[in-house]
Amino acid sequence: MTTSTIDVGRVRTRPKVKNTKPLWRRIVKHGVLILGAVLMIYPLLWMFGSSFKPESQILGTANPFPGKGANLKGYISGWSALGFPFWRYFLNSFIICALCIVGNLLSCSLAAFAFARLEFRFKGKMFAIMMGTIILPFHVLVVPQFVLFRTMGMVDTILPLVVPKFLAVDAFFIFLMIQFMRNVPRELDEAAALDGCGPLGLYWRIMMPLCLPALATTAIFTFIFTYNDFFSQLLYLSDTSKFTVPLALRSFIDNTATSNYAGLLAMSTLALLPVIGFFLVFQKLLVEGIATTGIK
């Protein structure tokens, strides 16, 4: 009969790291963090809870919980309060967001590919001009763009909101993709050229699949920026049937008549769901795209 022995001397245990901070300091630190989290979440909780309150109780208390009088009248009335079912405004926003995402992905990736992998005359100067547009205030371009689109007969259509996205006007996304494409080894270009792959083939077959995290990051931010955009949509859209979600929410507040706060809060709660869902679905690609951009 044999017995196995364990050499205790060879077993190395990791020394325990003692927290040298005083207890009161840790309590204060966690208390401040919890207080900050409550302050950040409270408006959302109040909006969600107030969407179930009767109209008379919404502005009368800061308590986010609906209480005994909770009901779904805000959701029922808000869904059809503007003359059209609210799904129509969701559909309008989704159509504009989808077209803007496609436009940004195609145009910005093509421009980034040209700056990152191709050689042409005045490349450096054009890149500097492109980066300079980032610091250009948006309000400087509002009047010239509106005059241009009105002359072309595009006002009160979605074209002024969509067409610029197909012309690579977002320098931030171009720069994001340039930094990602610069990390791709140049040996892949040479291998593709030996296989008879031209610039467009290199862009579509090599760069696009490898730049999926950067493309996902561009798509997520484009969706969020476009979905939440109020000023541009207010400027170009005047027909109620073409309103997007931000414009529809603004229509609940009437300066000359009674405002439907219950419907406003109920539809605002529903309006948050697409953004949250879109972010959760592509969260992994978003983090990967931001973390790997610019790292060699």
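The values are calculated or read from the model by the stated rules, or taken from the named source; none is laboratory data. Nothing here was measured: the structure is a model prediction, and the numbers come from that model. Note: ideal-geometry Cβ built from the backbone for every residue, glycine included; neighbour counts use all protein chains shown. Surface areas here come from the heavy atoms of the whole protein model, side chains and all, with no ligands, DNA or RNA. Shrake-Rupley method; radii C 1.70, N 1.55, O 1.52, S 1.80 Å.
Annotations
- Binning the C-alpha pair distances of segment 195-263 at 10 Å intervals from 0 yields a P(r) profile of 16, 27, 21, 17, 11, 6, 2 %, listed from the shortest bin outward.
- Compactness ratio for segment 46-132: Cα radius of gyration over 2.2 N^0.38 Å (N = residue count) comes to 2.03.
- nm² value of the averaged projected area, convex hull over the Cα atoms of segment 158-203: 4.2 nm²
- Note: relative contact order over the chain, using C-alpha pairs below 8 Å and six or more positions apart, is 29 percent.
- Max-minus-min Cα coordinates of segment 24-70 on each principal axis give 44, 16, 14 Å, with the largest extent listed first.
- Probe 1.4 Å, all protein chains present, accessible-area order of Ile178, Ile134, Ile129, largest first: Ile129, Ile134, Ile178
- Note on exposure: Lys242, Lys284 ranked by accessible area (1.4 Å probe, complete protein assembly) read Lys284, Lys242, with the most exposed listed first.
- Cα-projected label distance for Leu136 with Asp189, points at 7 Å along beta-carbon direction, nm: 2.7 nm
- Subtracting the Cα-Cα distance of Leu118 and Lys284 from their residue separation scaled by 0.36 nm leaves 56.7 nm.
- Label-point gap, in nm, between Leu91 and Asp156 - each point 7 angstrom along Cα→Cβ: 2.1 nm
- Taking Tyr42, Tyr75, Tyr236 in turn, the Gaussian network model of the chain (Cα-Cα springs below 10 Å) assigns the largest fluctuation to Tyr42.
- Over the chain: helical MRE at 222 nm, DSSP H runs n ≥ 4 each giving -39500 (n - 2.57), nearest 500: -19000 deg cm²/dmol
- Accessible area ranking (1.4 Å probe, heavy atoms, ligands and nucleic acids excluded), largest first, for Arg250, Arg26: Arg250, Arg26.
- Rolling a 1.4 angstrom probe over the chain with all protein chains present gives an accessible area of which 70% lies on carbon and sulfur atoms.
- Reduced Cα scattering model of the chain, Debye log10 I(q)/I(0), q = 0.08, 0.13, 0.15 Å⁻¹: -0.57, -1.05, -1.20
- Per-bin percent of Cα-Cα distances, segment 92-202 [5 Å]: 2, 10, 16, 19, 18, 14, 10, 6, 4, 2, 0
- A 1.4 Å probe run over the protein chains yields, for segment 57-188, 58 Å² of accessible area per residue, whole-number rounding.
- If the chain linking Leu210 and Leu72 were pulled fully straight, counting 0.36 nm for each residue of separation and taking away their Cα-Cα distance, it would gain 44.9 nm.
- Comparing Asp195, Asp170, Asp229 in a Gaussian network model of the chain where C-alpha atoms under 10 Å apart are linked, the largest mean-square fluctuation is found at Asp195.
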